[in-house]
Amino acid sequence: MKQVTISLDGVRDKNIMQLKKLNVTLFPVRYNDKYYADALASGDFTKLAYYSDICVGAIACRVEKKETGAVCIYIMTLGVLAPYRGLGIGTKLLNHVIDLCSKQNISEIYLHVQTNNDEAISFYKKFGFEITDTIKNYYSNITPPDCYVVKKSFPQTQAKK
Ligand code: ACO
């Protein structure tokens, strides 16, 4: 049998439509222009996943600066089209972002997930993420309207003196 390759590609003006199409199919929320501007601005932290030459998933992140000056990554969306789930594509996308955080000495990755999304919650827990908070009525158009804040912190390596 022919081996199928799963590859990741960056998001640019020319292929941002792929991310828009995926989001319409995957999520009950409509994303605004700021979401797409943040995704483009995040550089390598936003990736499309290809199953052979078909775009089937994406991770889109925003780079945030905390009051302390520390940089953290907010995962705005992570999704894989249903027929392509369970093939390791979500793992490849999330590991890519985790590896970049480790290399760039970023202290934390966090995200919001709807409280009834058991599959996504157990997926993130496998990678060392923990539920740190619940926000009531976070979403205005979907039920349940509540979300969990899910976080992974990285031990900070000291800068050399
Ligand atoms: N049934 C049961 N378990 C599954 C399934 C499935 N269909 N798919 C994945 N898993 C579990 C498996 O236990 C697997 O572990 P294993 O590798 O040890 O077998 C683990 O998840 C990882 O599987 P992957 O194949 O790497 O993940 P996948 O490509 O399926 O993507 C994702 C996981 C992104 C959560 C996917 O289910 C999805 O797109 N869901 C809908 C969108 C969504 O809810 N996204 C997260 C919302 S929160 C946010 O975006 C910030």
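FYI, it's all coordinate maths here, none of it is from the lab. Keep in mind that what you see is a predicted model, and the values were worked out from it rather than measured. Positions of Cβ are generated from backbone atoms using ideal geometry, with glycine treated the same way; all protein chains shown enter the neighbour counts.
For the chain, a Gaussian network of Cα nodes joined below 10 Å ranks I54, I109, I73 by mean-square fluctuation, and the top entry is I54. A simple rule links phi to the HN-Hα coupling: the Karplus curve 6.51 cos²θ - 1.76 cosθ + 1.60 with θ = phi - 60°, which for region 25-39 gives 6, 8, 10, x, 10, 8, 9, 8, 4, 4, 3, 6, 5, 5, 4 Hz, with x for Gly and Pro. Projected label points at N141 and Q3, each 7 Å from Cα along the beta carbon direction, are separated by 4.3 nanometres. Highest GNM mean-square fluctuation among G79, G69, G90, for the chain modelled with Cα contacts below 10 Å: G69. Multiplying the residue separation of T91 and V24 by 0.36 nm and subtracting their alpha-carbon distance yields 22.0 nm.
Rounded to the nearest angstrom and listed largest first, the equivalent-ellipsoid semi-axes of the chain from its Cα gyration tensor are 24, 21, 17.
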